[in-house]
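Read through the structure below, which is laid out as structure tokens, and then see the notes.
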Amino acid sequence: MENRIGAFIRIQRKKAGLTQEEFAMRSNLGLRFVRELEQGKPTVRLDKVEQALGMFSYHLEPVKDKRE
């Protein structure tokens, strides 16, 4: 199963015409983190995900569990 946030970041990065290396440098994130995020690694740090999303003026918001 593909990670939706990682896929979103990859799509936005490509729309901006940035390589993973350029995106990592501009967002002040490590290249390894960017690669792992885009590959869907399930244990990435949320603060760094928020930082990556911030590059495209997006942010995380909690979603209420529909089972409640």
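Exactly one condition in (1) under 22 Å from residue 61 (Cα atoms); (2) modelled with pLDDT of 95 or more; (3) not polar (S, T, N, Q) is false for residue 23; which is it?
In the conditions (1) under 22 Å from residue 61 (Cα atoms); (2) modelled with pLDDT of 95 or more; (3) not polar (S, T, N, Q), residue 23 misses (1) alone.
Could you check region 1-29 and list, in sequence order, the residues that are surrounded by fewer than 12 Cβ atoms within 10 Å (Cβ to Cβ) and closer than 18 Å to residue 47 by Cα?
Scanning region 1-29 gives 4, 28.
So, in region 43-68, how many residues would count as being in a helix (DSSP H, G or I) and acidic (Asp, Glu)?
Looking only at that region, the number is 2.
In the list 17, 40, 6, which residue meets the criterion of being assigned to a loop (DSSP other than H, G, I, E, B), of a type in the set (Gly, Ala, Ser) and in contact (Cβ under 8 Å) with a residue 24 or more places away in the chain?
When all the criteria are applied, what remains is 40.
Here is a check on your reading of the model: is residue 26 assigned to a helix (DSSP H, G or I), under 10 Å from the mean Cα position of the chain (by Cα) and either over 16 Å from residue 4 (Cα atoms) or without any contact (Cβ under 8 Å) to a residue 24 or more places away in the chain (or both)?
Considered against the rule, which asks whether it is assigned to a helix (DSSP H, G or I), under 10 Å from the mean Cα position of the chain (by Cα) and either over 16 Å from residue 4 (Cα atoms) or without any contact (Cβ under 8 Å) to a residue 24 or more places away in the chain (or both), residue 26 comes out as no.
Has region 48-58 got at least one residue that is loosely packed, with under 12 Cβ neighbours inside 10 Å and among the hydrophobic types (A, V, I, L, M, F, W, C)?
no
Filter region 30-47 down to residues that are open to solvent by less than 20 Å² (accessible area, probe 1.4 Å) and of a type in the set (A, V, I, L, M), then give me how many there are.
Qualifying residue count, region 30-47: 2.
The values are calculated or read from the model by the stated rules, or taken from the named source; none is laboratory data. Predicted model, so just to flag it, every value in this text is computed and none were measured. Glycine gets a Cβ as well: all are built from the backbone with ideal geometry, and neighbour counts include every protein chain shown. All accessible areas refer to the heavy atoms of the entire protein, side chains included, with ligands and DNA or RNA removed. Shrake-Rupley method; radii C 1.70, N 1.55, O 1.52, S 1.80 Å.
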